[in-house]
Every structure is written in structure tokens, then in C-alpha cells.
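Readers should treat all values here as calculations from the given coordinates under stated rules, not as data from a laboratory. Everything numeric in this text was worked out from a predicted model, so none of it was measured. Cβ atoms come from the backbone with ideal geometry, glycine included; neighbour counts cover every protein chain shown.
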Amino acid sequence: MTPISLVFTLLFAAVLALGLLIRFYLASRQIRHVARRRDEVPAAFASSISLASHQKAADYTIAKSRFGILEMAFGAAVLLGWTLLGGIDALNRALTNSALADYGSLVPQLALLAAFGFISGLLDLPFTLYTTFRLEDRFGFNKMTFKLWLTDLLKSTLVGLVVGLPIAALILWLMDSAGMWWWLWAWAVWAGFNLLALVLFPTVIAPLFNKFRPLEDEALKARVTALMQRCGFAAKGLYVMDGSKRSAHANAYFTGFGAAKRVVFYDTLLKQLSPGEVDAVLAHELGHFKHKHIIKRIVLMFAMSLAGFALLGWLSSQLWFYIGLGVRPNLTAANDALALLLFLMVVPMFSFFISPIMAQFSRKHEFEADAYAISQTDGRNLQSALLKLYQDNASTLTPDPLFVKFYYSHPPASERLGRMIPLENTTP
């Protein structure tokens, strides 16, 4: 091992350990903070949230956080197993020396990606099963049968293979054939695929997993249509999704891109909210479009991915990058799949440290969307809708402030509703 490889190994181990310690610290703070406030509803919510609902949210948050600590520890152990303990190296050697090598350099590399994905999926299965059928079920949220869960798993695996393998093959081919600027062409392919997915997802992928029917409530449809026209927004259709067959959690979202945009309501949402509250929730989503939050996020994602591909383009040619992560690069075969896998495993460790910045931007966008919703609808409807959603989704009213800064993409209830009152009072 060269000195630079050793330095990179030590850096990798240090960043992994530091990130894990920070995650453990934040999770323990969240658990303690919520537990200490479990037996008393915050004064601002005392008239609208029952003690039983508040305690359920606290228990749900604590249970998820404790299980999250176990997942983090296991994930760190698996990452070490794949890298410094030789997992990726052994898998790569087995495939490179197998009969697959007779079919050219691309086949064993695709096999490496597929095998890694399959094994990683198997390792994650116990956590997924426990979350769905024990944790979510314990708090009354899971509505999914094991048959439906298994069907979803098979469908998502098939979609991943049909969609993912051709994209991976194209990127690997570019890495091998497009010269020193391959990463720019690969980024263009990746960006184009993501834009295409925004168009195809609502009509091709999503219907494989859920049923979408046109919104049938004529009064609500007229109300929603009037709101969208007032906001200058056009959508291809208003749909209701059968989210209740999987979960009791409620939501509404826009999907698609350009002329393919759709408004989708979970059936659970329509059961829980009044027409005025549905209006307010939709106005909040329209606020994201009005402030161009979606475009800004796409541009940011593309900019960060461009930087990522450029970094991968450099790292893939550095011997210390492979050796420092416990992998012996191939001497007579391509190392492109190895570089891709190692990069995808390492990047999240470093990007974790900028997560508070990304979360802050997201919370800022949520405040702006709330302000827009209040300017277009009755602010009281948005407040009551959010209270219902916080209560029905068992979202804690008392999260730890530092945990919020690191992880929360949406502001906690106290901050969000606290800002709405002065906004409502100034709305004409």
C-alpha cells in the first residue's frame, strides 16, 4: 500500500467513524428530547391535540429513532465489509475470473453491479420487513399484506433491471470509449434520463404499483380547478391514488413535467380533510411551482451531479482510490464498475456533512409555499389541515432543535404554524 493509499484509508475510516458518531448523537438527543416532553402537550396545541395523540407521536418518533440507530450501525458495518474487509474485491475477483469474462468486459461489470445490488437488497430485507410489519403496524399505519409487499418487491426489482441495466451499460461504455471527457457525456445521459423519467413516471411506472382514478367529487374538482386557474397553473388531470392499501399516512403531490403534470391526492387525504383544507394543501404545493422551487431543485441536483461525475472521472484513474478502499483494481480488465460502486458508497459519507445546508434550503421553501397558500386561500384551513396531518401521521410536536437542523426537510409544527398566524393577519 502506497503512502497516499494509506492516508486515504485513514481518511475514509475517520469520516465513517465521525459521521456515525454524529448520527448516534443526534438520534440520542432526539429520543431524550421527545421522551422528556411526552406527557404534556405544548401549550400552543393544547386545545387541538389530545394527550393520547401527542403521546402516540412521541412513542412513534422514539421507536423509529431507536430502530434507526440499529440501522445506522448495521449500515456502517456493511460498508466496512464491502470495502476495507474485502467484500467488493472478492465479488469482483469471482466475476472477473468466471465464464462471464468470455463475453467481453461489459458483461462481468454489469454482473458486478447487479450482484452488488442483489446482495445489498437481501441485507436490507430484514429492516424493511420489520419497519413495515412491526413498527408501522404497531402504530396502526401499515395496511399492506405480505402478498402485496412481495408483489411490490418483485415489480420494483423488475423495473430496476429493465431501466437500470441499460443506463448502467451505457455509462460503462462511455467510461471505456468516450476518452477523458467521458464523465461529461455520462452526466448528459444521466440528466436526460432523469428528465425523461419525470415525464414517464406518472403514466408508465406509477400505475404499476397503484391505481389512479380521476377525481370524481364534482364540487371538489370545481373548487380545485378554480384555485389552479386563479394561480395560473395547468395540469393534465386530477387523480386519486389508492394509498390506503399500503399505509394510513396521507399526502398529496404533483408529478410529471411540463405538459405531463398531474395532481395526485391520496385517498386517505381526501377522507381526512375538508374541501377547504384540501384547497389549502394544494395551494401550498402550487406555491412550490410559483416560487420555482422544483426548477431550482432540479438545477441544483444537476449541478451537484455534474461535479460528482467530474470527480468520479478523476478518481477512476487514481490507483490509490481503489487500494485505499480495500480493492485491487483489475490489471487486464476494465475497472469502471468498481470505480462507480466505490464512488457511490463513499460519497454519502462526505455529503452527510452538508445535509444541514440542504435541509435549511428545503425548510425555507416550505415557509415560502405556506405564505403563498395563505395568500390564495383561508389561512385557517391550512393551519387545521396541517394539524390533522401532523396528528394522523404521528409527527412529534417536540423534536430536538439540533436534530431538526440536520434532518428536517419540513419545518416542525411549532415553527410552521407560528409563522402562519402573523401572515394570516396581514392577508387582505
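With N counted as the residues of region 147-293, its alpha-carbon radius of gyration over 2.2 N^0.38 Å works out to 1.29. Ratio of Rg to Rh for region 317-369: 1.28 [Cα atoms; Kirkwood radius as inverse mean 1/r over pairs]. Dipole of region 318-386 computed with +1 at Lys/Arg Cβ and -1 at Asp/Glu Cβ about the Cα centre; of Ile354, Ala373, Phe343, farthest Cα towards the positive end is Phe343.
Can you tell me what share of the DSSP beta bridges in the chain is antiparallel? A percent to the nearest 5 is fine.
65
Taking a sphere under 11 Å around the Cβ of Tyr322 and counting the other residues whose Cβ falls inside, with K and R at +1 and D and E at -1, yields a net charge of 0.
Roughly speaking, what % of Cα-Cα pairs in region 52-159 are separated by over 24 Å, rounded to a whole number? Percent of Cα pairs beyond 24 Å in region 52-159: 47. Have a look at Gly192, Ala52, His293 and report the one farthest towards the positive end of the charge dipole of the chain, computed about the Cα centre with Cβ charges (Lys/Arg +1, Asp/Glu -1). The Cα lying farthest towards the positive end belongs to Ala52. Note down the relative contact order for the chain as a percent, whole number, built from C-alpha pairs under 8 angstrom at least six residues apart. Value for the chain: 24 percent.
A Cβ-based charge dipole, computed about the Cα centre of the chain with Lys and Arg at +1 and Asp and Glu at -1, lands at about 520 debye. Simple rule: put +1 on each Lys or Arg Cβ and -1 on each Asp or Glu Cβ in region 88-164, find the dipole, and look at Leu153, Ala111, Leu123; the Cα lying farthest toward the positive end is Leu153. Dividing the helix sum by the residues of the chain, where each DSSP H run of 4 or more adds -39500 (n - 2.57), gives a mean residue ellipticity at 222 nm of -22000 deg cm²/dmol. Its alpha carbons give region 263-334 an Rg and a Dmax of 23.1, 66 Å. For the residues Leu286, Leu153, Leu165, a GNM of the chain with alpha-carbon springs under 10 Å puts the largest fluctuation on Leu153. Averaging Cα coordinates gives a centre for region 2-79 and one for region 272-323; these two points are 24 Å apart. Sorting His410, His365, His54 from the fewest to the most surrounding beta carbons within 10 angstrom yields His410, His365, His54. Legend: P(r) of region 339-400 from all alpha carbon pair distances, 5 Å bins from 0, whole percents, reading 3, 13, 12, 17, 17, 11, 9, 8, 6, 3, 0.
Assign unit charges at the C-beta atoms only (+1 for Lys and Arg, -1 for Asp and Glu), then state the dipole size of region 165-249 relative to its Cα centre in Debye, rounded to the nearest 20. Mind dumping the intermediate values first?
Details: 8 positive and 5 negative charges, 66 e Å.
The calculation lands at about 320 debye.
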